[in-house]
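The values are calculated or read from the model by the stated rules, or taken from the named source; none is laboratory data. Worth saying up front: this structure is predicted, and the values here are computed from it rather than measured. Here the Cβ positions follow ideal geometry from the backbone for every residue, glycine too, while neighbour counts run over all protein chains shown.
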Amino acid sequence: MSWQSASQQVAVIFAGLLGVILHATLAPQQMDDWGWRVPFLIGCLIVPFLFLIRRSLEETEEFKTRKHRPSVREIYRSMAENWRIILAGCMMVVMTTVSFYMITAYTPTFGKTVLKLDDVDNLIVTMCVGLSNFIWLPLMGAVSDRIGRKPLLLFFTVATLLTAYPAVSWLVAEPSFSRLLMVELWLSFLYGSYNGAWW
């Protein structure tokens, strides 16, 4: 299942590469005027394909043969009875979601506005993070198949909580392309190891 998450990293790599190409071919004024819209237009090209896929997907036989559909009251009662599982699930989702968006979507913004680094450098780091995620996710998914998910999830949650802030503080203290790359690759390793086991 970790391959599903790994496949999403192809989009991260493509987005970073597209940004590098746009910055290399357009003047800064062109990027500010209209160049920033190009990725959105390219992203919209997938919409018809998504509708086509959705129309062709079938429900599972188990779902089709299910007779009982729970009422809203039954759903709320089940949630109240299983609040610990729901809370744990929410915390796991927060961990993986915050980690992913911090190291991918936020990197170019953070690099430009906070670290004052070159746009192309920030986008190259984003590409490297996508590639790193693509490697770590299935690799650590395989490791979790052998040793279990719980030890990896606990270990990498603690490792992230203990090292993320010091790593980013070290980066902010003396911003550079190499430091940004090192910190982001470290955070990518933590994210990939956690998320690979999570699936």
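Structure summary
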quantity: Pair list, Cβ < 9 Å and 6+ apart or interchain, from the range 1-17 residues that are more than 14 Å from residue 104 (Cα to Cα) to residues that are polar (S, T, N, Q); calculated: 2/144; 2/195
quantity: Among the residues listed as 9, 30, the single one being polar (S, T, N, Q) and closer than 25 Å to residue 197 by Cα; calculated: 9
quantity: Helices (runs of 4 or more DSSP H) fully within the range 117-199 counting 1 or more residues that are in contact with a Pro (Cβ under 7 Å, 6 or more places away or on another chain); calculated: 119-147, 177-198
quantity: Residue within the range 115-134 that is in contact (Cβ under 8 Å) with a residue 60 or more places away in the chain, acidic (Asp, Glu) and closer than 20 Å to residue 94 by Cα present; calculated: no
quantity: Residue in the range 17-38 that is modelled with pLDDT under 90, hydrophobic (A, V, I, L, M, F, W, C), within 23 Å of the chain's Cα centre (by Cα) and closer than 20 Å to residue 120 by Cβ present; calculated: yes
quantity: Residue among 94, 129 that is out of contact with any Cys (no Cβ under 6 Å at 6 or more places or on another chain), among the β-branched types (Val, Ile, Thr) and under 18 Å from residue 10 (Cα atoms); calculated: 129
quantity: The range 55-92, residues that are surrounded by 10 or more Cβ atoms within 10 Å (Cβ to Cβ) and either polar (S, T, N, Q) or touching a Phe, Trp or Tyr at 6+ places or on another chain (Cβ under 9 Å) (or both); calculated: 78, 82, 92
